[in-house]
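Asker: Before I ask anything, here is the structure I am working with.
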Amino acid sequence: MSRASNTDKRLSLAEAVSRFVPDGTSVALGCALEPAIPFAFAHELIRQRRRDLDLIGPISDIAFDQLIGAGCVRSVTAAWIGNVSAGLAHAYRRAMEQGIPRRIEVRDHSNFTIAQALLAGALGAPYIPTRSLLGSDIPRANGTFVASTSPFDGSPLLLIPAITPDVTVIAVQQADSDGNAQLLGPWGVSQEAALAAKAVIVLAEEVVSRDVIGADPNRTIVPALKVIAVVEEPGACHPSPLQGRYGRDHEFFHDYHRATRTAEGFDAWITEWVTGVRDRRDYLRKLGPRWQQLRIPVGGGG
């Protein structure tokens with residue numbers, strides 16, 4: 001980490017979205033897979049009524065479903081959209097089957113090939129070759145992969161084009177005000193997505209001093225030079241877990257699944273949990289004792 005950097009990038013979540021995520025932005029989020037999903041960021045996109053977003057991520061759990069149901073999304077590049085605990089993502093299914101609230105374009109990936117695509121973007125490579133999807137229907141469903149052959153032995157290959165998001169959003173336990181961010185626990189493809197992106201927004205449980213980050217630099221998932229905003233937002237990942245800070249709220253996922261079976265139910269849920277609360281602090285206050293039960297004393301889990 002460079003000591004010469006002395007730029008305070010701290011913003012509120014509302015400011016970060018307003019300044020850096022206009023309509024039509026391609027956004028990668030949820031790239032740690034099941035943990036560390038920045039739900040607070042997705043909710044702020046909904047509150048600010050962003051439109052025509054291109055979402056990128058491996059599984060995203062219900063964050064993508066909420067954005068789709070709120071009419072924020074034009075297209076999705078993902079390996080899966082659903083509710084890990086309960087199965088189906090009702091808003092996604094309505095969009096695909098009925099065009100409610102709008103039809104979206106979907107580019108299918110496997111978890112492996114979306115990792116390859118983001119890695120290619122991080123490396124500055126135009127593509128990465130693979131054999132993993134040969135014989136499957138995913139190349140046909142995706143439409144961007146290119147059939148090729150190995151220049152060494154003539155065997156069949158698929159060329160997976162690079163993905164370079166406009167913005168990657170990552171949630172971490174701690175970051176400094178410059179943007180050097182440290183994530184404990186599974187990274188998934190968060191680092192690849194961050195390095196592939198044109199810019200990164202960090203949601204940190206806490207902003208710490210540069211000395212704290214510099215004392216253990218191997219935990220730094222993304223350097224400050226990629227980061228345009230640092231948002232100190234405790235509880236940003238609920239209902240997904242964040243190692244050492246809070247556990248997964250399993251029942252919340254099931255509550256969402258039951259509540260959103262209909263478009264009317266989805267609208268009521270969004271009104272209660274997203275547009276009807278001012279910010280993440282109000283959201284956590286609404287959770288009440290449920291939130292306190294999920295929390296892990298700092299130092300007790302990582």
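The values are calculated or read from the model by the stated rules, or taken from the named source; none is laboratory data. No experiment lies behind these values; they were computed from the predicted model shown. Heads up, the Cβs are rebuilt from the backbone with ideal geometry, glycines too, and the neighbour counts pull from every protein chain shown.
Asker: Residue check: is Leu159 touching a residue at least 24 places away in the same chain (Cβ under 8 Å), assigned to a strand (DSSP E or B) and surrounded by 15 or more Cβ atoms within 10 Å (Cβ to Cβ)?
Answerer: yes
Asker: Quick one: what pairs do we get from the range 219-246, first residue free of Cβ contacts under 8 Å to residues at least 40 places away in the same chain and under 11 Å from Val172 (Cβ atoms), second among the aliphatic types (A, V, I, L, M) and not in a strand (DSSP E or B), C-beta under 7 Å, 6+ apart or different chains?
Answerer: Listed pairs, sorted by first residue: Arg219/Leu184.
Asker: OK, next. Can you confirm whether Ala215 is of a type in the set (A, V, I, L, M), free of Cβ contacts under 8 Å to residues at least 40 places away in the same chain and surrounded by fewer than 18 Cβ atoms within 10 Å (Cβ to Cβ)?
Answerer: yes
Asker: On the given criteria, is Pro289 exposed (fewer than 15 other Cβ atoms within 10 Å of the Cβ), free of Cβ contacts under 8 Å to residues at least 24 places away in the same chain and not aromatic (Phe, Trp, Tyr)?
Answerer: Here the answer is yes, as Pro289 does meet what is asked.
Asker: Let me ask you something else. Of everything in the range 247-257, what is surrounded by fewer than 16 Cβ atoms within 10 Å (Cβ to Cβ), touching a residue at least 60 places away in the same chain (Cβ under 8 Å) and touching a helix residue (DSSP H, G or I) at 6+ places or on another chain (Cβ under 9 Å)? Give them in sequence order.
Answerer: none
Asker: Can you name the residue in the range 64-86 that is in contact (Cβ under 8 Å) with a residue 40 or more places away in the chain and crowded, with 24+ Cβ neighbours inside 10 Å and is also nearest to Glu233 (Cα to Cα) among such residues?
Answerer: Gln66
Asker: Given the conditions (1) outside any strand (DSSP E or B); (2) more than 22 Å from Gly24 (Cβ to Cβ); (3) under 17 Å from the mean Cα position of the chain (by Cα), which single one is not true for Thr164?
Answerer: (2)
Asker: I would also like to ask the following. For the range 176-196: of the residues being polar (S, T, N, Q) and farther than 22 Å from Ser60 by Cβ, which is nearest to the chain's Cα centre (by Cα)?
Answerer: Among those that are polar (S, T, N, Q) and farther than 22 Å from Ser60 by Cβ, it is Gln182.
Asker: Out of Arg285, Arg281, Arg248, Arg258, report the one residue that is in a helix (DSSP H, G or I), within 22 Å of the chain's Cα centre (by Cα) and charged (D, E, K, R).
Answerer: Arg281
Asker: Would you pick out the residues in the range 20-36 that are under 17 Å from Ile221 (Cα atoms) and in a strand (DSSP E or B)?
Answerer: Selection gives Ala28 alone.
Asker: Mind checking which residues of the range 125-156 are surrounded by fewer than 15 Cβ atoms within 10 Å (Cβ to Cβ), without any contact (Cβ under 8 Å) to a residue 24 or more places away in the chain and more than 25 Å from Asp61 (Cβ to Cβ)?
Answerer: Gly135, Arg140, Val146, Ala147, Ser148, Thr149, Ser150, Pro151, Phe152, Asp153, Gly154
Asker: For the range 46-103, what are the residues that are at pLDDT below 95, out of contact with any Asp or Glu (no Cβ under 8 Å at 6 or more places or on another chain) and among the small types (Gly, Ala, Ser)?
Answerer: Ser60, Ser85, Ala86, Gly87
Asker: Now for a different question. Quick one: would you say Asp178 is crowded, with 18+ Cβ neighbours inside 10 Å and not in a strand (DSSP E or B)?
Answerer: Answer is yes for this residue.
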